[in-house]
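Here is the structure we will look at.
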Amino acid sequence: MKSERVAAIVGVAESDLGKTPGKNVLQLQAQAAKLALEDAGLTKNDVDALFTAGNWAWAPNLMLAEYLGIQPKYTDSTNIGGASFEAHVGHAVAGINAGLFEVALITYGSTSRTNPGRSAFPSALTAQYELPYGLPTPVGAYALAAMRHMHQYGTTSEQLAEIAVATRKWATLNEKAYMREPIEIADVLNSRVIAEPLHLLDCCLVTDGGGAVVVASKRVASRLNKKLIWILGHGESHSHNTIANMPDLTMTSARESGRAAFEMAGITHDEIDIAEIYDSFTITVLLTLEALGFCRPGEGGAFVSGQRTAPGGDFPMNTNGGGLSYCHPGMYGIFLLIEAVRQLRGEGGKRQVENAKLALVHGTGGVLSSTSTVILGRD
């Protein structure tokens with residue numbers, strides 16, 4: 001049984017991306033928020049709930065609300081890493097359904113490239129059996145998962161490279177993508193090893209940038225002159241903090257968050273037209289596809305082979321170029337939502353997937369620690 005349509009995403013936008021030495025975190029968020037509200041046909045005076053995440057301030061919501069000139073009656077600073085913003089969408093739907101507010105603004109901003117700052121990953125106190133012994137964070141954790149998957153299932157570096165190459169093909173069609181030069185599988189394999197078995201081109205970018213998403217109740221959304229993108233399903237979960245405590249290096253909690261999202265939406269995997277899946281590393285995507293149930297455990301390598309996820313393939317994925325080639329300002333999840341909405345509205349330009357009606361958006365946070373899945377659909 002399909003879920004009732006309670007809320008829709010009515011506005012999306014990103015800020016300047018790549019290198020933004022002239023803008024700080026607040027300015028990037030304000031830029032994206034202004035554009036997203038304009039996209040929705042709303043103003044900051046319509047916003048009665050504020051969601052954000054990041055380690056750039058002691059109380060980021062307080063600072064952001066003050067900067068934007070918003071006094072919300074509901075606020076949420078849930079931070080589960082890159083999956084935070086998909087979680088925020090689910091929380092916004094729950095709040096709207098409970099009658100707590102009607103318009104939620106979700107934002108993120110980071111100057112990870114021009115002002116790296118302190119790490120958002122576990123400190124030596126919580127990772128006492130990892131960091132003191134030289135495990136690089138976060139890439140070392142993902143390398144452990146990749147090596148285990150290779151050992152257990154026979155997955156190859158060539159199969160992981162398929163993901164990087166396909167994603168770059170999408171990026172060549174996106175004028176906003178940071179890396180647009182075409183690459184081949186050999187280029188990925190010949191790029192330097194960062195943490196065995198992951199090569200440089202298996203790893204996401206480090207960029208500046210901000211994004212914003214506006215979620216509105218059915219009542220508000222129905223009076224806007226926009227193509228409404230309904231939030232049909234949502235699920236979230238987390239299984240560990242440090243990689244040493246991950247229950248199974250080859251299975252993430254996307255198994256739980258994905259199941260919940262599909263059940264709420266009342267649809268099947270075969271109905272999904274596009275997938276926007278967090279790609280901090282190529283192994284992240286492969287593990288996520290398996291955990292979500294698009295293929296069985298161990299079959300991810302075969303699933304992505306033959307450029308199946310590239311333009312023209314039968315499983316369009318990460319259609320803006322993803323975190324591997326488009327942008328990745330520390331926590332990438334909000335950009336997955338932005339791209340999914342644009343695809344469902346038919347605003348993808350050269351990279352538009354024909355007749356896309358249903359999209360799956362999936363965020364991953366920490367070291368494969370947290371997951372949140374959202375299913376979106378258009379009228």
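What pairs can you find where one residue is in the range 242-258 and under 16 Å from Thr137 (Cβ atoms), the other is of a type in the set (S, T, N, Q) and surrounded by 24 or more Cβ atoms within 10 Å (Cβ to Cβ), and their Cβ atoms are less than 8 Å apart, with a gap of 6+ or different chains?
Going by the 8 Å Cβ cut-off, the qualifying pairs are Met246/Ser369.
Is there any pair with a first residue in the range 48-76 that is hydroxyl-bearing (Ser, Thr, Tyr) and a second that is surrounded by fewer than 19 Cβ atoms within 10 Å (Cβ to Cβ) and in a loop (DSSP other than H, G, I, E, B) whose Cβ atoms are under 7 Å apart and which are 6 or more apart or on different chains, and what are they?
Every condition considered, the pairs that remain are Thr52/Ser77; Tyr74/Asp48; Tyr74/Leu100.
For the range 217-235, does any single residue satisfy the condition of being among the hydroxyl-bearing types (Ser, Thr, Tyr) and without any contact (Cβ under 8 Å) to a residue 24 or more places away in the chain?
Checking the range 217-235: at least one residue is among the hydroxyl-bearing types (Ser, Thr, Tyr) and without any contact (Cβ under 8 Å) to a residue 24 or more places away in the chain.
So, Ala356, is that one modelled with pLDDT of 95 or more and either touching a Lys or Arg at 6+ places or on another chain (Cβ under 7 Å) or open to solvent by 10 Å² or more (accessible area, probe 1.4 Å) (or both) or not?
no
Working only within the range 208-220, note down all residues that are surrounded by 24 or more Cβ atoms within 10 Å (Cβ to Cβ) and among the hydrophobic types (A, V, I, L, M, F, W, C). Talk me through it step by step, then tell me what you get.
Taking the range 208-220 first, the residues surrounded by 24 or more Cβ atoms within 10 Å (Cβ to Cβ) are 208-216.
Passing the criteria: Ala212, Val213, Val214, Val215, Ala216.
Which one of these does Arg219 not meet: (1) in contact with an Asp or Glu (Cβ under 8 Å, 6 or more places away or on another chain); (2) under 26 Å from Tyr142 (Cβ atoms)?
For Arg219, the exception is condition (2).
Scanning the range 140-173 for residues that are aliphatic (A, V, I, L, M) and under 17 Å from Cys327 (Cα atoms), which turns out surrounded by the most Cβ atoms within 10 Å (Cβ to Cβ)?
Ile163
Taking only the range 3-60 into account, find how many residues are basic (Lys, Arg) and closer than 22 Å to Gln343 by Cα.
Residues in the range 3-60 being basic (Lys, Arg) and closer than 22 Å to Gln343 by Cα: 2 in total.
Looking only at the range 21-33, how many residues end up being open to solvent by 10 Å² or more (accessible area, probe 1.4 Å) and either closer than 24 Å to Asp379 by Cβ or touching a helix residue (DSSP H, G or I) at 6+ places or on another chain (Cβ under 8 Å) (or both)?
If we filter the range 21-33 for residues that are open to solvent by 10 Å² or more (accessible area, probe 1.4 Å), which is where we start, we get 21-27, 30-31.
Keeping just the survivors that are either closer than 24 Å to Asp379 by Cβ or touching a helix residue (DSSP H, G or I) at 6+ places or on another chain (Cβ under 8 Å) (or both) gives 23, 26, 30.
Here the count works out to 3.
Being at pLDDT 95 or above and open to solvent by 10 Å² or more (accessible area, probe 1.4 Å): is that true of Phe335 here? Break it down stepwise before answering.
On the way: at pLDDT 95 or above: yes; open to solvent by 10 Å² or more (accessible area, probe 1.4 Å): no.
No.
Given the condition within 30 Å of Glu181 (Cα to Cα) and open to solvent by less than 30 Å² (accessible area, probe 1.4 Å), answer yes or no: does some residue in the range 264-274 qualify?
Yes.
Take the residues in the range 132-187 that are of a type in the set (A, V, I, L, M), touching a residue at least 40 places away in the same chain (Cβ under 8 Å) and not in a helix (DSSP H, G or I); name whichever of them is farthest from Ile243 (Cα to Cα).
If we take residues in the range 132-187 being of a type in the set (A, V, I, L, M), touching a residue at least 40 places away in the same chain (Cβ under 8 Å) and not in a helix (DSSP H, G or I), then Leu173 is farthest from Ile243 (Cα to Cα).
Exactly one of (1) in contact (Cβ under 8 Å) with a residue 12 or more places away in the chain; (2) surrounded by fewer than 21 Cβ atoms within 10 Å (Cβ to Cβ); (3) in contact with a Leu (Cβ under 8 Å, 6 or more places away or on another chain) is unmet by Leu287. Its number?
Exception for Leu287: condition (2).
The values are calculated or read from the model by the stated rules, or taken from the named source; none is laboratory data. Predicted model, so just to flag it, every value in this text is computed and none were measured. A quick note on method: Cβ atoms are made from the backbone with ideal geometry, for glycine too, and the neighbour counts reach across all protein chains shown. Note: areas computed on protein heavy atoms with side chains; ligands, DNA, RNA excluded. Shrake-Rupley method; radii C 1.70, N 1.55, O 1.52, S 1.80 Å.
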